[in-house]
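Nothing in this text is a laboratory measurement; each read-out follows from the coordinates by a stated rule. Note that this is a predicted model, so its numbers are computed, not measured. As a convention, Cβ positions derive from the backbone with ideal geometry for all residues, glycine included, and neighbour counts pool all protein chains shown.
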Amino acid sequence: MKRPLRLGPAATCAVALLWIVVAGATQAEQPASKKRSSPAAASTTPPPVQARGSTENKPPVAHAPSGTKIPPAKPATFRGRLPAYFGEVVTDEQRQTIYAIQGEYSERIATLKAQLEAVTKERDGKIDAVLTPQQHDDVDRLREAARQRRKQQRADKQQ
């Protein structure tokens with residue numbers, strides 16, 4: 001009997017982000033008559049996994065909001081890493097297969113992380129624009145005070 005795959009928090013976040021982007025892009029491409037009208041009609045299951053090298057039904061490429069610059073993905077210096085506790089149970093062949101699977105997704109994940117970072121920066125810029133100059137000064141003062149407290153706490157721990 002196969003055990004279910006358990007993902008760590010970072011991997012779960014990455015998978016959720018991928019699912020949101022793919023589902024949102026897929027739904028945006030549907031004609032208005034086919035779009036889901038109620039949350040109850042929304043599917044909670046991810047799309048089926050495709051065989052390696054398959055070109056059928058590839059998910060559409062998601063784009064950041066217009067006007068947002070997406071930084072280029074870092075050069076491929078991918079180094080596979082097994083999920084927690086896998087190292088104790090997988091064979092060398094399975095280990096290499098897992099690394100290959102991770103390699104297949106690493107570029108897409110890096111691109112999505114860059115898009116997420118760009119959207120987050122855009123959001124933070126809009127939030128920042130709501131504050132008055134006096135409020136900006138107050139926030140800067142509070143951040144600096146918090147930074148000093150953390151610095152002091154680290155110094156206290158080392159003693």
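Just order 115-126, 80-91 by mean Cβ neighbour count inside 10 Å, highest at the front, would you? Write out the running numbers ahead of the final one.
Numbers: 115-126: 13.0, 80-91: 11.3.
Ranking the peptides 115-126, 80-91 by packing returns 115-126, 80-91.
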Open item on the list: On the principal axes of its Cα set, how long, how wide and how thick is region 94-159? Give whole Å, largest value first.
Closed with: 55, 42, 9
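Quick one: net charge of Lys151's neighbours, Cβ under 13 Å, K/R +1, D/E -1? Walk me through the numbers on the way to the answer.
Working: positive: Arg143, Arg147, Arg149, Arg150, Arg154, Lys157; negative: Glu144, Asp156.
Local charge sum for Lys151: +4.
Can you tell me which of 142-154, 101-113 comes out highest on packing, and rank the rest after it, using the mean Cβ neighbours within 10 Å? Walk me through the intermediate numbers first.
Values: 142-154: 9.9, 101-113: 15.1.
Highest-to-lowest ranking by the protection proxy: 101-113, 142-154.
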